[in-house]
Every structure is written in C-alpha cells, then in structure tokens.
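The values are calculated or read from the model by the stated rules, or taken from the named source; none is laboratory data. Everything numeric in this text was worked out from a predicted model, so none of it was measured. Cβ sites come from the backbone with ideal geometry, for glycine too, and all protein chains shown count toward neighbours. The area values use the complete protein model at the heavy-atom level, side chains included, leaving out ligands, DNA and RNA. Shrake-Rupley method; radii C 1.70, N 1.55, O 1.52, S 1.80 Å.
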Amino acid sequence: MRTSIKDAKRIVVKVGTSTLTHENGKINFARLDKLSEVLSDLANEGKEIILVSSGAIGIGAAKMKWTHRPVSVVERQAAAAVGQSELMHLYSKFFGEYGHVVAQILLTSDVFEKPVLRKNVQNSFNKLLSQGIVPIVNENDPVATDEIEGEKSIGDNDTLSALVAKNVHADLLILLSDIDGFYTDNPKVNPDAILIDHVDDLTDDLLNNAKGAISALGTGGMSTKLKAAQIVMQEGIDMVIAHGEHPNVLYKITKGELIGTWFKGKQDE
Ligand code: ADP
C-alpha cells in the first residue's frame, strides 16, 4: 500500500497524446469519455482534480483535414489553435455529462518565472478548485513558439504538469502514458526490461534508464517524465507513471494500490 497516495487530496493528472488518440492520430472518444467520467467521480469523492491534457495539435490537424502530420512551427501553432478549442469543447461536453464544469488554463514558461504572474495563476487555480471546477491545462502553443522549438519554453507536458503540481502545492502527480510505468530499460526495444515498482531516490543510474519515445505520437519519452519526477519529488509531491489505456486505473492508483511506478516525494527529515 502506498499510504501517502491514499491521502492525496489535490491531484494533477497528465494525459499524453498517445492516450487520447488512436494510432492513426484520430480522437479516441471512448477514452476521452471514460477519462472524464473517472475524473468527475474522483472529484465527487472530494479530490481536487487538475487535468493537463495534450492532444491539441493532432486534433487540430484532423479537424482541418490535413492528411500530413504538421511539422513546421507555424503549422503546429495553427493546428494547436484549432485543436485546443475542439479539445476543450469535447472535455466540456463529457465532463458536463457527469455534472462537472471545466476551465481552460493555458500557460507559458514566464508564468512560473515571474512572481506576479505565478501568484495570479495560483489564485485562479485555487478559486476554481474551491468551486469544484476541473481546470484543464496546456501550454499556450500558438504563443509559446519555443515550446515547439526548444530553449526557453516549458517544452513538454510532462514538465508542464510537474510545474503545475509544484505551484499549486499538489499532493500527487499522475502521468498516464502508453506504457505501464518506468522500466529498467525501454521495453519497446529491450524485452528483458523490468518494471520498477517504486523509486525513492533518482540516482544517475536510474536517469540513464530513461530513453526517448519510439512511438510516432509520443513526445518526450521517459526522459521528460523523469525530469518531472525530479521537480515534484523535491517538493515532497508523489508521482505515479501508469498506463492510460484504461482510465479506471485512476481509482486504484488513488487508493494507493501498487499500479505503475511510484516516485516517492521527499519527506522532511
Ligand atoms: P506520452 O505520449 O504518454 O507522454 P511517450 O511516448 O512520450 O508517452 O513516452 C513513453 C515511451 O517512453 C514508452 O512508450 C517507451 O517507448 C519510452 N521509454 C523509454 N525509456 C523507457 C523506460 N526506461 N521505461 C519505460 N518506457 C520507456
């Protein structure tokens, strides 16, 4: 049993593109619906839920009937602008069916660097959560060009979700991915890789186990997920990486059951 997770009240859940779309890049409606149902239920249990959702670029490209995957920065920005509103429309519809209101928060890296902006956004999160609303977060892609090209940007939604968890003082961050957790090596390349049940300390050896993504849809692979773990663990926040194929898994994770890999937040000595 993971007791600290069982008591987690404020929970950030991040879903990757591979969880929200089929392999051909089209929206997986059943998955989106189930995710919205389970998160609504957890909110009904009294948890405060923040969802960090990828998927805008893929959904935008599909909506515009582009047959190619957008590659250039400006194409990705345009696709994100179209896809973000479509994504929110779908979440609003699905969460609405389960009696929950959602809110959109789009962030850029300077929000976490400038104290006034950071305070503003913390206030927004706190107010929304106190009203039982589910904030849905993404990087503001059409503005944060760097997100697509690197350098100053947050860069990926694993890191974004960790920065959100840190700044809202969450108790738990859950990353839902296309893999069961963190393995001793990339299992899609090395069939002998073993799932790691829990990590107390992110040693260099463990960090070296994390490789990039192989799938066409994934972005950061395990490296950005471990970077996220580094950010939250030192804030005393627990993190779990688990498979997002069946969003029901969130019930088990939040009950403290042994699902996926648990990165244990540092406790004060
Ligand atoms: P998401 O879209 O959910 O963020 P990614 O595709 O970016 O997911 O990252 C998950 C992928 O990371 C896995 O499918 C796997 O190919 C890769 N990976 C690399 N190293 C590891 C590792 N040590 N353990 C598990 N997965 C790994």
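Amide H to amide H, with H built 1.01 Å from N, ASP185 comes under 5 Å of ILE194, counting only residues 5 or more places away or on other chains. With θ taken as phi - 60° and the Karplus curve 6.51 cos²θ - 1.76 cosθ + 1.60 applied, the whole-hertz 3J(HN,Hα) list for the stretch 171-180 is 9, 8, 10, 10, 9, 8, 9, 9, 9, 5 Hz, x standing for glycine and proline. FRET efficiency for ASN44 and ASP180, Cβ-Cβ distance as r, R0 = 45 Å, nearest 0.05? The calculated FRET efficiency here is 0.95.
Taking the Cα centre of the chain as reference, the dipole from Cβ charges on Lys and Arg (+1) and Asp and Glu (-1) amounts to some 740 debye. Here the Karplus relation 6.51 cos²θ - 1.76 cosθ + 1.60, evaluated at θ = phi - 60°, turns the backbone of the stretch 246-262 into coupling constants of 10, x, 3, 4, 5, 4, 5, 4, 6, 8, x, 6, 7, 10, x, 10, 9 Hz, with x for every Gly and Pro. A cut-off of 5 Å between modelled amide H atoms, ignoring neighbours fewer than 5 places along the same chain, links SER177 with ALA242, HIS243, GLY244. Remark: the stretch 194-203, residue by residue, has Karplus-estimated 3J(HN,Hα) of 10, 5, 8, 6, 8, 10, 8, 9, 7, 6 Hz, where x stands for each Gly or Pro and the curve is 6.51 cos²θ - 1.76 cosθ + 1.60 at θ = phi - 60°. Rolling a 1.4 angstrom probe over the chain with all protein chains present gives an accessible area of which 51% lies on carbon and sulfur atoms.
For ALA103, the residues whose amide H sits under 5 Å from its own are VAL134, ILE136, ignoring neighbours fewer than 5 places away on the same chain, with H placed 1.01 Å from N.
What is the chain's relative contact order, in percent, from Cα pairs under 8 angstrom and six or more apart in sequence?
Taking the mean separation of contacting Cα pairs over the length of the chain, I get 24 percent.
Averaged per residue, the stretch 1-121 has 47 square angstrom of accessible surface, using a 1.4 angstrom probe with ligands and nucleic acids left out. In plain terms, the chain from ASP268 to LEU207 could stretch by 19.6 nm, reckoned as 0.36 nm per residue minus the Cα-Cα distance. Ranking SER40, ILE179, THR261 by Cα position along the charge dipole of the chain, where only Lys, Arg, Asp and Glu carry charges on their C-beta atoms, puts SER40 farthest toward the positive end.
For the ranges 86-98, 40-52, 5-17, what's the packing order if you count other beta-carbon atoms within 10 Å of each residue, average per peptide, and put the highest first?
5-17, 40-52, 86-98
By the compact-protein rule of thumb, 2.2 N^0.38 Å, the alpha-carbon radius of gyration of the stretch 59-100 corresponds to a ratio of 1.37. For the chain, the Kirkwood hydrodynamic radius comes to 18.5 Å, computed from all pairs of different C-alpha atoms.
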